[in-house]
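Below is one structure, written out as structure tokens; the observations come after it.
None of the figures in this text is laboratory data; all of them are computed from the coordinates on show. Small disclaimer: the values here were computed from a predicted structure and weren't measured. Don't worry about glycine lacking a Cβ; one is built from the backbone with ideal geometry, like all the others, and counts go over all protein chains shown.
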Amino acid sequence: MDQPTKRVAVVTGASRGIGKGIALRLARDGRHVVLMARSEGPLNDLKHQIEQAGGSATAVACDVADNKAMAAAIDAVAEKHARLDILVNNAGITKDGLALRMSDEDWASVIQTNLTSAFVATRAAARHMMRGKFGRIVNIGSTSGVIGNAGQANYAAAKAGLIGFSKTIARELGGKGITCNVIAPGYIQTDMTDNLPQQVKDHVLGLIVVKRLGIVEDIASAVAYVTSDEAGFLTGQTICVDGGMTMA
């Protein structure tokens, strides 16, 4: 049984990349982290890594695109720990293509995984957060949702939708001790960006003020702050962690 003062955090898409980095940081900061993703194997490996470092975690295999399964998983976490304090909606997919060639299926699947799942998880989690009069909801967006990106009509629409959704949740739940913010990463060094052609990397670096790609820890640090007890006066905001790329 967890100590009653240990905040419980759910991180979706926690098996790799940004989600994994967020989970590691929250565990390091003393949260009990519930790791959610479809693949159980990588989650168990991460759980072991967190525990070896002195943290605590639970692995929950769940397809966030399955609305009923997602809501049930959130409820089960809250019931098991008798609380749910932090929700990080990080899970996402890409199915890129020019809008005129994009299939209905590619549009719908990205909207479902990247936007609808955040709604379903937030709706379920907020009920439990209201009982505890405390909550930190973070939706992982993207600079694509702020400025658009050719070839990503579905992804950009979903991430832009997260911004409007988060502002609405902030207004609806702010009086109940619950905040909701968006962290919008720019180009972050991951397996995906490692495979970009060098000319693309050079172009991207030319747009970034600090002249380097971001790292996962840059995003994890931002999430750590907005989910902290000290961030209770910060809500409804979209924070672009992008090295200055999208400065107005």
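Side notes on the structure shown:
- Considering residues of the stretch 192-206 that are exposed (fewer than 14 other Cβ atoms within 10 Å of the Cβ) and assigned to a helix (DSSP H, G or I) only, the residue nearest to the chain's Cα centre (by Cα): Met192
- Residue within the stretch 171-192 that is among the acidic types (Asp, Glu) and over 28 Å from Ser15 (Cα atoms) present: yes
- Hits in the stretch 145-155 - residues which are surrounded by fewer than 19 Cβ atoms within 10 Å (Cβ to Cβ) and among the hydrophobic types (A, V, I, L, M, F, W, C): Ile147, Ala150
- Within the stretch 197-248, being closer than 15 Å to Val182 by Cβ and touching a strand residue (DSSP E or B) at 6+ places or on another chain (Cβ under 6 Å) holds for Ile219, Ala222, Val223, Val226, Thr227, Thr235, Gln237, Thr238, Ile239, Cys240, Val241, Thr246.
- Scanning the stretch 166-191 for residues that are part of a helix (DSSP H, G or I), surrounded by fewer than 19 Cβ atoms within 10 Å (Cβ to Cβ) and within 16 Å of the chain's Cα centre (by Cα) yields a count of 1.
- Given (1) assigned to a helix (DSSP H, G or I); (2) of a type in the set (A, V, I, L, M, F, W, C); (3) surrounded by fewer than 21 Cβ atoms within 10 Å (Cβ to Cβ); (4) touching a helix residue (DSSP H, G or I) at 6+ places or on another chain (Cβ under 8 Å), number of the condition Ala158 does not satisfy: (3)
- Within the stretch 31-78, tally of residues that are touching a residue at least 24 places away in the same chain (Cβ under 8 Å) and either surrounded by 15 or more Cβ atoms within 10 Å (Cβ to Cβ) or closer than 12 Å to Ser15 by Cβ (or both): 33
- Members of the stretch 209-248 that are part of a helix (DSSP H, G or I), closer than 16 Å to Asn139 by Cα, free of Cβ contacts under 8 Å to residues at least 60 places away in the same chain and not small (Gly, Ala, Ser): Asp218, Tyr225
Residue-wise test of (1) closer than 16 Å to Ala118 by Cα; (2) free of Cβ contacts under 8 Å to residues at least 40 places away in the same chain.
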| site | (1), (2) |
| --- | --- |
| Ser15 | no, yes |
| Leu26 | no, no |
| Lys80 | no, yes |
| Asp85 | yes, no |
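- Counted residues, the stretch 193-208 - those being aliphatic (A, V, I, L, M) and either free of Cβ contacts under 8 Å to residues at least 12 places away in the same chain or farther than 24 Å from Ile22 by Cβ (or both): 4
- Taking residues in the stretch 145-173 that are in contact (Cβ under 8 Å) with a residue 40 or more places away in the chain and among the aromatic types (Phe, Trp, Tyr), and partners anywhere that are in a helix (DSSP H, G or I) and surrounded by fewer than 19 Cβ atoms within 10 Å (Cβ to Cβ), not one pair has Cβ atoms closer than 6 Å while being at least 6 places apart or on different chains.
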